[in-house]
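Please treat every number below as a calculation from the coordinates, not as lab data. All values reported here derive from a predicted model rather than from experimental measurement. Positions of Cβ are backbone-derived with ideal geometry, glycine not excepted, and every protein chain shown enters the neighbour counts.
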Amino acid sequence: MSKFDTFIEDLRGEIKILAREAGKEMAGAALKDSRTFIRKAKKDLERWTRLLAKGDLTADEFEFLVEAKRDLAVMEALKQEGLSRIRVERFRRRLIDLVVSTAFRVFL
Amino acid sequence: MHRTRLYLAVILVLLAGFLPACTPKVPLYNERAYHYAIALKVESMALMGRAAEPFERYEERATKLELRLQEAYEYARGRPHNEIAAMQWEILIDPEGHLIGGFLRKWETDTTLSKRFLQEMKLQVAEAFDTISGLENGRIKPDEMD
């Protein structure tokens, strides 16, 4: 087997591992954050509904809070999009490092 | 040996061509941006806690806070490839919205706000700031580049 074939084989194996780890990391973190947000939002809306029924919040205040929650949901979604892009960038950097280190290991 | 060096040279030339085409499209961690999110969260919480009192007593403070929030937004907007964080700030400070910008507008319009309402709004606004600091804190740090 030529050194170039060895390089390709080694790289293929390492990339599989890297991709699997990166995939797990991306899916896991986003899912956990989303579930936490939804759980908190549900609790908040239930509490506000009770407060409205008791008269501790006016209809106007209740509506404002619901709109605030909607704005917050958009901000959370933006955060997840931003973190997702960062994870892709981290993966790209690790891939480049992997290619360079494998090349030096095999050829030098 | 000659062929080995040739292969290595080809790989490195390809990488050299690949790298600039894929320059990061995400900003790196920025201490000033993180500080804006944390400091303005603290200032906002402190001022919101006063909203059961007449707005006119805190009008100057509210104006100063609005200016600082605008400054943070403009800073976010000025960073390359930072449109996501800029959009977050825009939503947060929008006086037509329902987070800190909208809250200050409502306080001014209604003169005073109920304690229950402002307590609940503080939770939402705090969480909103946390989405911004959370994104910034998740960015690639300079020492990760070594």
Query raised in the report: Sorted from fewest to most neighbouring beta carbons within 10 Å, what does the list A:SER101, B:SER114 look like?
Result: A:SER101, B:SER114
Report summary line: Among B:ILE100, A:GLN80, A:ALA59, the residue whose Cα sits farthest towards the positive end of the charge dipole of the protein assembly as shown, when +1 is placed on the Cβ of each Lys and Arg and -1 on the Cβ of each Asp and Glu, is A:GLN80
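With r as the distance between the Cβ atoms of B:ASN137 and A:LYS43 and R0 = 25 Å, compute the FRET efficiency 1/(1 + (r/R0)^6) and round to 0.05. Could the numbers behind the result be given before it?
Numbers: r = 25 Å, r/R0 = 0.98.
Computed FRET efficiency for A:LYS43 and B:ASN137 comes out at 0.55.
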Report summary line: Taking A:ILE17, A:ILE86, A:ILE96 and counting other beta carbon atoms within 10 angstrom, the fewest-first order is A:ILE17, A:ILE96, A:ILE86
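Report, to one decimal in Å, the Kirkwood hydrodynamic radius for region B:36-146 based on all distinct Cα pairs.
Values: mean 1/r = 0.0687 Å⁻¹.
Evaluated over region B:36-146, this radius sits at 14.6 Å.
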Report task. Rounded, prolate or oblate: pick one for region B:80-143, where a ≥ b ≥ c are the square roots of the eigenvalues of its C-alpha gyration tensor, a/c under 1.5 means rounded, and failing that, prolate if a/b is larger than b/c, else oblate. Result -> oblate
Query - Calculated from backbone phi, Karplus (6.51, -1.76, 1.60) coupling profile of region A:93-108 in Hz, x at Gly/Pro - result: 5, 5, 5, 4, 4, 5, 4, 5, 5, 5, 4, 5, 5, 7, 8, 10
Query raised in the report: For chain A, modelled as a Gaussian network with Cα springs under 10 Å, which listed residue fluctuates most, A:PHE64, A:PHE91, A:PHE37?
Result: A:PHE64
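Starting from the Cα-Cα distance between A:VAL66 and A:MET1, subtract it from 0.36 nm times their residue separation and give me the gain in nm to one decimal.
Values: separation 65, 0.36 × 65 = 23.40 nm, distance 6.54 nm.
Stretched fully, the A:VAL66-A:MET1 segment lengthens by 16.9 nm.
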Query raised in the report: Rounded if a/c is under 1.5, else prolate if a/b beats b/c, else oblate: with a ≥ b ≥ c from the C-alpha gyration tensor eigenvalues square-rooted, which is chain A?
Result: prolate
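Compute the normalised compactness of the protein assembly as shown: alpha-carbon radius of gyration over 2.2 N^0.38 Å, N being the residue count. Show your work: numbers first, answer last.
On the way: Rg = 24.5 Å, N = 254, 2.2 N^0.38 = 18.0 Å.
Dividing the Cα radius of gyration by 2.2 N^0.38 Å gives 1.36.
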Report summary line: Cross-link reach from B:LYS25 to lysines, straight Cα distance under 20 Å and at least 8 residues apart if same chain, gives A:LYS79, B:LYS141
Query raised in the report: HN-Hα J couplings of region A:29-45 from phi, Karplus 6.51/-1.76/1.60, θ = phi - 60°, integer Hz, Gly and Pro as x?
Result: 5, 5, 5, 4, 4, 5, 5, 4, 5, 5, 5, 5, 4, 4, 4, 4, 5
Requested in this report: Rounded to whole Hz and in sequence order, give me ³J(HN,Hα) for region B:87-103 from the Karplus expression 6.51 cos²θ - 1.76 cosθ + 1.60, θ = phi - 60°, writing x for Gly and Pro.
Outcome: 5, 4, 4, 4, 5, 4, 9, 4, x, 7, x, 9, 10, 4, x, x, 5
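Provide a whole-number value for the mean count of partner chain Cβ atoms within 10 Å of the Cβ atoms in peptide A:63-73.
Details: counts 1, 9, 6, 1, 5, 13, 3, 3, 11, 11, 1.
Average neighbour count from other chains, rounded to a whole number: 6.
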Query - Lysine pairs within region A:1-53, Cα separation less than 28 Å, 8 or more sequence positions apart or different chains - result: 9
Requested in this report: Give the distance, in whole Å, between the Cα centre of region B:101-116 and the Cα centre of region A:30-108.
Outcome: 27
Query - Sorted by Cβ density within 10 Å, fewest first, the residues A:VAL106, A:VAL74 - result: A:VAL74, A:VAL106
Query - Within straight-line cross-link reach of B:LYS64, lysines at Cα separation under 16 Å, skipping those fewer than 8 residues along the same chain - result: B:LYS41
